[in-house]
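Every number in this text was worked out from the coordinates using simple rules, so none of it is lab data. This one's a predicted model, so the numbers in the text were calculated from it and none came from an experiment. Cβ coordinates were reconstructed from backbone atoms using ideal geometry, including for glycine residues, and neighbour counts include every protein chain displayed.
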Amino acid sequence: MSTSLARNVLVAGGAGFLGSHLCDALIASGAHVVAVDNLQTSTGDNLRHLQRSPRFTFVRADIIEELPASALPERLDRVFNLACAASPPLYQADPEHTMMTNVVGTRNLLRLAERHGARFLQASTSEVYGDPEVHPQAEDYRGHVNCTGPRACYDEGKRAAEALCFDFDRQKRVELRLVRIFNTYGPRMHKDDGRIVSNVVSQALSNAALTVYGDGTQTRSFCFVADLVEGLMRAMEHEGVQPGPINLGNPFECTVLELVQRVLALTGSQSRVVFHPLPQDDPRRRRPDIVRAREILGWAPRTELADGLKKTIAWFREQEQEAEEGYRL
Ligand code: UDP
């Protein structure tokens, strides 16, 4: 997008999959970027190429603690909160930390934005809809979440964070933008993060068995990361009245088995498929209604699943090659 952002922007979760792509887009738009990350689910590799940019700073910190003022610029204009492990096995590994990241961490960042008079974008999630009884999911659907299940630390944490954000907005303490992000994939997904796209692509490339949980008839709608980042930038720079939550995702819905078949075809892999039990509370269907994003932000995803998967597979191949070359040295 062409909007120039000669601004000071903080990206919490900046070293992660989405955050690092967002940092790239912000730097390209002319912004000064401070990426904050505790490196819980990333190594910092995603940001290595930005290290030499005079407009980029990395701060290793956990948003559960207040960020040291000395590490931040005097003025912040924008705060993006993308900080939280988002893959079920990773966010369930330390559920207390996941909940606190969403509640205490979001409060800390909201207060920071309030002190700076910065606009605040909260990365919420399709998980606030839980295992939805309404399909596709529009923003006014209130969801069907199990508040005592293993996903609750994330789902309910994100729901509580939404409540906090909207209270800050009602009290005019921050200028809020809030997006609900649906499944997103692309280069820089961590191969071990346990999610469907990263799992099956890395399994296919190493001719390991492709793991399908349940019978594979559950659906998801996968959005390519470049499209999603464009949506984040548009949401943040949307002027005018606070538009409420906005779904960001690709409405093209497919079953897990269809995704697996596509990955097999695109990689030419001989891997077989093995079935594992469906994790508890795994949503049966998910597809965003993106009418609001289209109307308010003029945004819709542009990348077809086949093209996005090709780019993702190419990136995973490069990673494998680099790892092999590094090993030989
Ligand atoms: N899934 C799968 N095999 C895997 C990883 C995930 O079949 O190796 C399933 C998972 O049970 C879910 C869907 O793929 O139904 C998407 O899972 P993911 O963890 O990527 O995202 P989320 O459940 O958060 O939408």
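Over the chain, the reciprocal of the mean inverse Cα-Cα separation, the Kirkwood hydrodynamic radius, stands at 20.1 Å. Full extension of the chain segment joining residue 314 with residue 252 gains 20.1 nm, where the gain is 0.36 nm per residue of separation less the Cα-Cα distance. Taking 21 Å as the straight-line reach from the Cα of residue 310, the lysines in range (excluding those fewer than 8 positions away in the same chain) are 191. Looking at the stretch 222-329, the trypsin sites (Lys or Arg not before Pro) that sit in a DSSP loop and have at most 13 other Cβ atoms within 10 Å of their own Cβ are 272, 284, 302.
Between the C-alpha center of the stretch 94-153 and that of the stretch 171-248 there is a gap of 14 Å.
Taking the longest Cα principal axis of the chain as reference, the axis of helix 152-170 is set at about 30 degrees. To the nearest ten degrees, helix 17-28 and the longest principal axis of the Cα atoms of the chain are 50 degrees apart.
Spread over its residues, the convex hull of the C-alpha atoms of the stretch 52-196 is 137 Å³ per residue.
Need the list of lysines near residue 158 for cross-linking: C-alpha distance under 23 angstrom, and skip anything on the same chain fewer than eight residues off. List returned: 172. Footprinting exposure proxy ranking of 109, 72, 259, fewest other C-beta atoms within 10 angstrom first, gives 72, 259, 109. Where only DSSP H runs of four or more residues are counted, the chain gives -11000 deg cm²/dmol as its mean residue ellipticity at 222 nm, each run worth -39500 (n - 2.57).
Cα axis of helix 106-116 to longest principal axis of the chain: angle in degrees, 0 to 90, nearest 10? For helix 106-116, the angle is close to 40 degrees. Here's how it looks for residue 181: its modeled amide H is under 5 Å from those of 124, 125, 126, 248, which are all 5 or more places away or on a different chain.
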